[in-house]
Amino acid sequence: MQEAEAYRADSLAFVLSQLYGLDQGVRMLGLRGEEVAAIRRADSLTFGQFLAFVSEYGFPTAELVGEDNFSRECVCMLGYVVMLHNPHRLLEPETFRLLCGEVRAGRLNPEVFGWALDRYFVTYEGYSLFNSPYRAVRALQGVPRSRRAESDSLHAAIGLPLLPDSVFVE
């Protein structure tokens, strides 16, 4: 890697590290009660800054920030952490289009994106559309058959194969 490319990669990794520090740091404060609002504000701030980063540079990859930088948790995990802490925002049309574009570009794993989306459905809607591990939080047994069209549509939109009949339940 040439010096200018290495500097750019390090600079981008530093930005990601700062966002990760904000996201995780506020959680380490042990906030309770009304103070939990501070976590939500930090999540919203981090989410907005992360989306701005993705809009400009793409979803973080080893190619973008360098192998060494990407091997650090604070760099490689930020995107996933931010999505999991803001699942209610993933279906906002502009956000959904941006992240679907990152899936198509090969920078965002469609299964991971699906799991983050499913965290929203399990947490806020009370059902799973991706049959992800998050369904265990509510002891859900599968995907409601009545939601099959919605599940199929989201799977197709993010490039995942449709779920087999066996995971749909009454």
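The values are calculated or read from the model by the stated rules, or taken from the named source; none is laboratory data. These numbers were taken from a predicted model, which means no experiment stands behind them. All Cβ positions, glycine included, derive from the backbone under ideal geometry; neighbour counts span all protein chains shown.
Please determine whether any residue of the range 1-11 is of a type in the set (Gly, Ala, Ser), at pLDDT 95 or above, in contact with a helix residue (DSSP H, G or I) (Cβ under 8 Å, 6 or more places away or on another chain) and farther than 26 Å from Asp118 by Cα. Don't jump to the end; show me each part of the working.
Pass one, the range 1-11, residues of a type in the set (Gly, Ala, Ser): 4, 6, 9, 11.
With at pLDDT 95 or above added as a condition, the list becomes 9, 11.
Pick out the ones that are also in contact with a helix residue (DSSP H, G or I) (Cβ under 8 Å, 6 or more places away or on another chain) and you get 9.
If we keep only those that are farther than 26 Å from Asp118 by Cα too, we end up with 9.
Yes: the range 1-11 contains one or more residues that are of a type in the set (Gly, Ala, Ser), at pLDDT 95 or above, in contact with a helix residue (DSSP H, G or I) (Cβ under 8 Å, 6 or more places away or on another chain) and farther than 26 Å from Asp118 by Cα.
Of all helices (runs of 4 or more DSSP H) completely enclosed by the range 87-170, which ones contain at least 2 residues that are under 14 Å from the mean Cα position of the chain (by Cα), buried (at least 16 other Cβ atoms within 10 Å of the Cβ) and among the aliphatic types (A, V, I, L, M)?
Details: elements: 93-104, 110-120, 148-157.
Hits in the range 87-170: 93-104, 110-120.
From Arg104, Arg97, Arg89, grab the single residue that is of a type in the set (Lys, Arg) and farther than 26 Å from Leu22 by Cα. Give the derivation first.
Numbers: Arg97 fails: farther than 26 Å from Leu22 by Cα; Arg89 fails: farther than 26 Å from Leu22 by Cα.
Criteria check complete, one pass: Arg104.
When you check Arg148 against the structure, is it of a type in the set (Lys, Arg) and touching a strand residue (DSSP E or B) at 6+ places or on another chain (Cβ under 7 Å), yes or no?
Values: of a type in the set (Lys, Arg): yes; touching a strand residue (DSSP E or B) at 6+ places or on another chain (Cβ under 7 Å): yes.
Spelling it out, Arg148 is indeed of a type in the set (Lys, Arg) and touching a strand residue (DSSP E or B) at 6+ places or on another chain (Cβ under 7 Å).
Please give the number of the condition Ser128 fails out of (1) at negative phi; (2) in contact (Cβ under 8 Å) with a residue 40 or more places away in the chain.
(2)
Out of all the residues in the range 76-83, is one or more at pLDDT 95 or above, over 21 Å from Leu99 (Cα atoms) and outside any helix (DSSP H, G or I)?
So in the range 76-83, the residues at pLDDT 95 or above come out as 76-83.
Narrowing the set further to residues that are over 21 Å from Leu99 (Cα atoms) leaves none.
So far as the range 76-83 goes, no, none of its residues is at pLDDT 95 or above, over 21 Å from Leu99 (Cα atoms) and outside any helix (DSSP H, G or I).
Tell me which residues, restricted to the range 1-59, are of a type in the set (Phe, Trp, Tyr) and either assigned to a helix (DSSP H, G or I) or surrounded by fewer than 14 Cβ atoms within 10 Å (Cβ to Cβ) (or both). Spell out how you get there, then give the answer.
Of all residues in the range 1-59, those of a type in the set (Phe, Trp, Tyr) come to 7, 14, 20, 47, 50, 53, 57, 59.
Within the range 1-59, Tyr7, Phe14, Tyr20, Phe47, Phe50, Phe53, Tyr57 meet the criteria.
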